[in-house]
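Working notes, structure below.
The values are calculated or read from the model by the stated rules, or taken from the named source; none is laboratory data. Remember, it's a predicted structure, so these values are computed and weren't measured experimentally. Positions of Cβ are backbone-derived with ideal geometry, glycine not excepted, and every protein chain shown enters the neighbour counts. We work out accessible area using only protein heavy atoms, side chains counted, and drop any ligands, DNA or RNA first. Shrake-Rupley method; radii C 1.70, N 1.55, O 1.52, S 1.80 Å.
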Amino acid sequence: MHQKILILDFGSQVTQLIARRVREAHVFCEVHPCDVSDEWIRNYAADGQLKGVILSGSHASVYEEATDKAPQSVFELGIPVLGICYGMQTMAQQLGGKVEAGHTREFGFAQIRAHGHTELLNGIQDAVNDDGHGLLDVWMSHGDKVTELPPGFTLMASNAACPIAGMADESRKFYAVQFHPEVTHTVQGQAMLERFVLGICGTRADWIMGDYIAEAVERIRAQVGDEEVILGLSGGVDSSVAAALIHRAIGDQLTCVFVDHGLLRLNEGDMVMEMFVDKLHAKVIRVDASAQFLGHLAGVTEPEAKRKIIGREFVEVFKAEAAKLKASGASKKGAKWLAQGTIYPDVIESGGAKSKKAVTIKSHHNVGGLPEQLGLKLLEPLRELFKDEVRELGVALGLPANMVYRHPFPGPGLGVRILGEVKKEYADLLRRADAIFIEELRNAPYAGGNTLGSNPRLAPKTWYDAVSQAFTVFLPVKSVGVMGDGRTYDYVVALRAVQTSDFMTADWAELPYSLLKTVSGRIINEVRGINRVTYDVSSKPPATIEWE
Ligand code: XMP
């Protein structure tokens, strides 16, 4: 069993980052809403594995009205507590200090001075001032601030704008900082969080993906026994890693159903089959349902209607395959389980969930509602993993890195990248143009420094890795061109490449002109039927990443 850290979420947009940083220190942690009850806290700590609690920041826009408090029992468990930003303020208030509303927001980089040689900051610094005090470059984002220390606390950090930027009661191991150690702008942030979870809380650093496989395999075997499992393989990272993990655990008790809706990328279906059947020797049923999907999509132009049709047909095909499987006897007793690639961010309930609603489960666009309809139990072996961890696990399970680190691809596939009515002719043109774009991105060396790319942990070596998502969009309009001696009247495509850390906002990527030139030259020359290529220079918001 893993020792654990509890992160109470007050609704900050960066709460998940705290959890990711703790996991990067190889410590297991979970995020729960700040308004869990005292009883819940005591139950959570009852097995003795809870080693520390972190109180997150709050959402910037609700700052002034934020009145959430931590359950008082957090301060009575006898274990270390770290308050971050709003978490510091609520700690101060709840333990007898004072917080005052700020009239201005402090936002951005700040330099603070460490005080008192606390265990949290001891030896952690970016610079030293003339008087020998440690200085730290940190990221601030707050309006209110602590103006009076609670009894028992001493000053841990300060600067002119924020005289109490950190406080500590070392006898109780309570620490709090006004800045955000979880964001990379706080240079020593990871060191501070590691000091807290490993040093102060003394948590075991045993959360390691390579070792996790054995643990997850045991758990799946115990859960499933000798029953059979079916899984809808989409070719995406999550369902692929889930399939590889479950296959490792129960081998032929797993049957994957891979529905080809005719809206996949070039050669994607063959690649999925090669990976799972030829390399992993998993049982995969490939269903070519493209005619069915395209048939239902004929004449439909409205984006939401298109999405609904694709989702609905997926469920139909999957249900039919599950029924066939049962009837054919290929599956001895009929599957009892439906596996899904739900991951932790889909499960985390957001802060201040007043309703105490049950943990939300992603209604996957593909298989939403399916477990009930099919009368199957749900198997979700990735439920506690972040995306980075799912990728690490995938590589550890032997999936190719270039598949595991692929950009996200929407469930409705090319259906939302062909504007208006979807036709096979359009999908075929788009597939070829998109394959050229992606190939050139993978071939283009990236010389830049920091990036918000899809895999910030790996220094990107190519433009493919330096952007978070890139794809081609088919525009069903024709424009005039000239090729050789002749006039052409052909279709237009748009290239889209964005950089983002969370896909909620995104910047269009400043791809080099030379790269765009190579891509457009190749598409126009190699894909007969397309004679014009444009580059999408819209950021999100106001544009979305996908065009539909
Ligand atoms: P937007 O277009 O909303 O996209 O800015 C944000 C991210 O979500 C992906 N996306 C989807 N993923 N099913 C999915 O699995 C969908 O229906 C869907 N629609 C958008 C999109 O590719 C981007 O990464």
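Which residues, taken from segment 524-544, are farther than 15 Å from Ala435 by Cα and in contact (Cβ under 8 Å) with a residue 12 or more places away in the chain?
Passing the criteria: Gly529, Asn531, Arg532, Thr534, Tyr535, Asp536, Val537, Ser538, Ser539, Lys540, Pro541.
Assess whether Gly299 counts as being at positive phi, assigned to a loop (DSSP other than H, G, I, E, B) and surrounded by 15 or more Cβ atoms within 10 Å (Cβ to Cβ).
no
May I ask you to verify whether Glu228 is farther than 30 Å from Gly78 by Cβ, charged (D, E, K, R) and surrounded by fewer than 13 Cβ atoms within 10 Å (Cβ to Cβ)?
No: the conditions fail for Glu228.
Among (1) buried (at least 21 other Cβ atoms within 10 Å of the Cβ); (2) touching a Phe, Trp or Tyr at 6+ places or on another chain (Cβ under 8 Å); (3) of a type in the set (A, V, I, L, M, F, W, C); (4) touching a residue at least 60 places away in the same chain (Cβ under 8 Å), there is one condition Val183 misses while meeting the rest; what is its number?
Condition not satisfied by Val183: (1).
Read through the list (1) free of Cβ contacts under 8 Å to residues at least 12 places away in the same chain; (2) touching a Phe, Trp or Tyr at 6+ places or on another chain (Cβ under 9 Å); (3) away from the ligand (no atom under 12 Å from the Cβ), then give the number of the only condition that Gly521 fails.
(2)
Considering only segment 490-514, state which residues are within 16 Å of the ligand (Cβ to nearest atom) and open to solvent by 50 Å² or more (accessible area, probe 1.4 Å).
Once the filter is applied, which keeps residues that are within 16 Å of the ligand (Cβ to nearest atom) and open to solvent by 50 Å² or more (accessible area, probe 1.4 Å), segment 490-514 yields Ser501, Asp502, Phe503, Met504, Thr505, Asp507, Trp508.
Among the residues of segment 427-437 satisfying the criterion of being open to solvent by 20 Å² or more (accessible area, probe 1.4 Å) and touching a residue at least 40 places away in the same chain (Cβ under 8 Å), which is farthest from Arg522 (Cα to Cα)?
Only one residue fits best here, namely Arg431.
Got a sec? Which helices (runs of 4 or more DSSP H) wholly within segment 302-395 have at least 2 residues that are open to solvent by 20 Å² or more (accessible area, probe 1.4 Å), modelled with pLDDT of 80 or more and within 16 Å of the ligand (Cβ to nearest atom)?
303-328, 344-347
Determine which member of the set Ile84, Ile18, Ile112, Ile41 is surrounded by 23 or more Cβ atoms within 10 Å (Cβ to Cβ) and closer than 27 Å to Leu382 by Cα.
Ile18
Return the total of residues in segment 515-543 being polar (S, T, N, Q) and open to solvent by 80 Å² or more (accessible area, probe 1.4 Å).
1
From (1) under 19 Å from Pro71 (Cβ atoms); (2) surrounded by fewer than 20 Cβ atoms within 10 Å (Cβ to Cβ); (3) modelled with pLDDT of 95 or more, pick out the condition that doesn't hold for His26.
Condition (1) is where His26 drops out.
Could you count how many residues in segment 499-509 are in a loop (DSSP other than H, G, I, E, B) and touching a strand residue (DSSP E or B) at 6+ places or on another chain (Cβ under 9 Å)?
5
Can you tell me which residue is surrounded by the most Cβ atoms within 10 Å (Cβ to Cβ) among those in segment 258-285 that are within 28 Å of the chain's Cα centre (by Cα) and among the basic types (Lys, Arg)?
Arg265
Test Ala459 against the criterion of being of a type in the set (Gly, Ala, Ser), within 12 Å of the ligand (Cβ to nearest atom) and at negative phi, and give yes or no.
no
Of all strands (runs of 3 or more DSSP E) completely enclosed by segment 51-129, which ones contain at least 3 residues that are under 21 Å from Cys201 (Cα atoms)?
Ranges flagged: 81-84.
Could you count how many residues in segment 238-290 are without any contact (Cβ under 8 Å) to a residue 40 or more places away in the chain, of a type in the set (A, V, I, L, M, F, W, C) and in a strand (DSSP E or B)?
Residues that pass the stated criteria total 3.
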